[in-house]
Amino acid sequence: MRIVYDNIIFSLQKAGGISKYWFELIKRLVTYKDVEVIFYESENQNIFRKNINIPVHRESLLGTRLIRYLPFTKKIPSKSIFHSSYYRISLQSDVANVTTVHDFIYEYFRSGLAKYIHVLQKKIAIKRSDGIICISKNTKKDLLKFYPEINESKIKVIYNGVSDEFRKLNDPEKFLTNEFSVLKDRKYILYVGDRSKYKNFSIAVEVLRYLKDINLVVVGGKDFSEKEKELIKDVKDRIFHFKGIDDHKLNILYNNAFCLIYPSSYEGFGIPVVEAMKAGCPVISTNRSSIPEVAGDAAILVDDIKAESFVHAIKKLYDVEFRNSMINKGLEQANRFSWDRCFEETVNFYREIWYKKFGG
């Protein structure tokens, strides 16, 4: 079986959940003996990509900003699986297309030309694919809501995993060195990810106004915008922002955090929820989209997405016995998710699609 990957996500993201997913698949695929893999890629600064050594081909002299919206342009050997990292397809009839659908954020929360282009590209990829991977049951539900005509037998739910880098540390405070030394002796809650509107970052900031003894550590995203600087100006001395950190450093932050606060209105999966659990960090999130599916009963989930709800949940964790029980539940829940399992299920799905398309 031959598999062709376009690694375009590494050019579209410097970091992020989709490029993490793609990295974890590639890392295992290059050591898998039963398949031939061809990679196409452009130069990029992705923080995950630098950790793998793979031979790559250049697809086109056109820039990523253009080819990201075009079908895959290179001739692919007959009877190959083509799996794009971000909603592209091969137009060859002798190639089987696979698409991973991560979420429906654009459909629910975006507007204007960007939404139209993204939705159109995703629609074409979904309709032209021989197999569709959804990263949660909720994402599959959303897919069938927007595209009820899709044959459900083409869809496979394959959960994301969580890196083995995330684990409980003995005496975690001793790891607060160098750039993290500013966090020593500080009680902080952790916010991980970008700060798009639906992520409700403002709620994390508002929590600081209720709880004067708490600091906020923000991981990822761009520099604070002028609007965000205005939002945080009265509590900025209690906010610490770290960008571009690897899993090893993120694990240190999880281990030393009082909790992860994840006030998102919508997630296709919600990788930080599982990362935090595996690191022994209690999770407070929302009872929305895929989050209950991923978190189970191992997180405090709020129905009303407002600062007061999160403050109330944080105060519950002041009870040491209750906090420890949530940590233990989280450790157990995190064991449900594995990148090895994600990879094996993905390769098995490739084989299923290949035999259906090409007949063995």
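The values are calculated or read from the model by the stated rules, or taken from the named source; none is laboratory data. Just so it is clear, the structure is predicted and the values come from calculations on it, not from any experiment. Because the Cβ atoms are built from the backbone with ideal geometry, glycine has one as well, and the counts that use them run over all protein chains shown. Please note that ligands, DNA and RNA were not included when accessible areas were found on the heavy atoms of the full protein model with its side chains. Shrake-Rupley method; radii C 1.70, N 1.55, O 1.52, S 1.80 Å.
Checking each residue in segment 280-293 for being open to solvent by less than 20 Å² (accessible area, probe 1.4 Å) and either in contact with a strand residue (DSSP E or B) (Cβ under 9 Å, 6 or more places away or on another chain) or hydroxyl-bearing (S, T, Y) (or both) picks out C281, P282, V283, I284, S285, T286, S290, I291.
Against the numbered list (1) at pLDDT 95 or above; (2) touching a strand residue (DSSP E or B) at 6+ places or on another chain (Cβ under 7 Å); (3) farther than 26 Å from I133 by Cβ, I245 comes up short only at (1). For segment 153-183, the tally of residues that are open to solvent by less than 70 Å² (accessible area, probe 1.4 Å), under 25 Å from N138 (Cα atoms) and among the charged types (D, E, K, R) stands at 1. Counting residues in segment 204-214 that are of a type in the set (A, V, I, L, M) and in contact with a His (Cβ under 8 Å, 6 or more places away or on another chain) gives zero.
Scanning segment 9-19 for residues that are in contact with a helix residue (DSSP H, G or I) (Cβ under 9 Å, 6 or more places away or on another chain) and either open to solvent by less than 10 Å² (accessible area, probe 1.4 Å) or farther than 19 Å from D340 by Cα (or both) yields I9, F10, S11, L12, Q13, G16, S19. Scanning segment 312-346 for residues that are crowded, with 18+ Cβ neighbours inside 10 Å and assigned to a helix (DSSP H, G or I) turns up A313, I314, M326, I327, K329, G330, Q333, A334, W339, C342, F343, T346. Considering segment 251-279, and only residues there that are within 15 Å of L331 (Cα to Cα) and not hydrophobic (A, V, I, L, M, F, W, C), the residue that is most open to solvent (accessible area, probe 1.4 Å) turns out to be K278. Scanning segment 36-63 for residues that are closer than 17 Å to S90 by Cβ and among the hydrophobic types (A, V, I, L, M, F, W, C), we see that the one that is most open to solvent (accessible area, probe 1.4 Å) is L62. If the condition is being within 25 Å of the chain's Cα centre (by Cα) and surrounded by fewer than 17 Cβ atoms within 10 Å (Cβ to Cβ), then segment 208-240 contributes K222, D223, S225. If you go through segment 129-152 and keep only what is open to solvent by 80 Å² or more (accessible area, probe 1.4 Å) and of a type in the set (D, E), you end up with E149, E152.
Inspect all residues belonging to segment 70-88 and state whether any of them is in contact with a helix residue (DSSP H, G or I) (Cβ under 7 Å, 6 or more places away or on another chain), part of a loop (DSSP other than H, G, I, E, B), buried (at least 20 other Cβ atoms within 10 Å of the Cβ) and among the small types (G, A, S). Scanning segment 70-88, I find at least one residue that is in contact with a helix residue (DSSP H, G or I) (Cβ under 7 Å, 6 or more places away or on another chain), part of a loop (DSSP other than H, G, I, E, B), buried (at least 20 other Cβ atoms within 10 Å of the Cβ) and among the small types (G, A, S), so the answer is yes. When restricted to residues that are open to solvent by 10 Å² or more (accessible area, probe 1.4 Å), free of Cβ contacts under 8 Å to residues at least 40 places away in the same chain and either within 19 Å of L25 (Cα to Cα) or not hydrophobic (A, V, I, L, M, F, W, C) (or both), segment 89-123 contains 12.
Within segment 31-61, the set of residues being within 19 Å of E344 (Cα to Cα) and basic (K, R) comprises K33 only. Determine, yes or no, whether I126 is at negative phi, β-branched (V, I, T) and open to solvent by 10 Å² or more (accessible area, probe 1.4 Å). Considered against the rule, which asks whether it is at negative phi, β-branched (V, I, T) and open to solvent by 10 Å² or more (accessible area, probe 1.4 Å), I126 comes out as no. Per this entry, K14 is counted among residues that are modelled with pLDDT under 90 and farther than 15 Å from S84 by Cα. Among residues that are touching a residue at least 40 places away in the same chain (Cβ under 8 Å), closer than 18 Å to I3 by Cα and of a type in the set (A, V, I, L, M), V35 is included.
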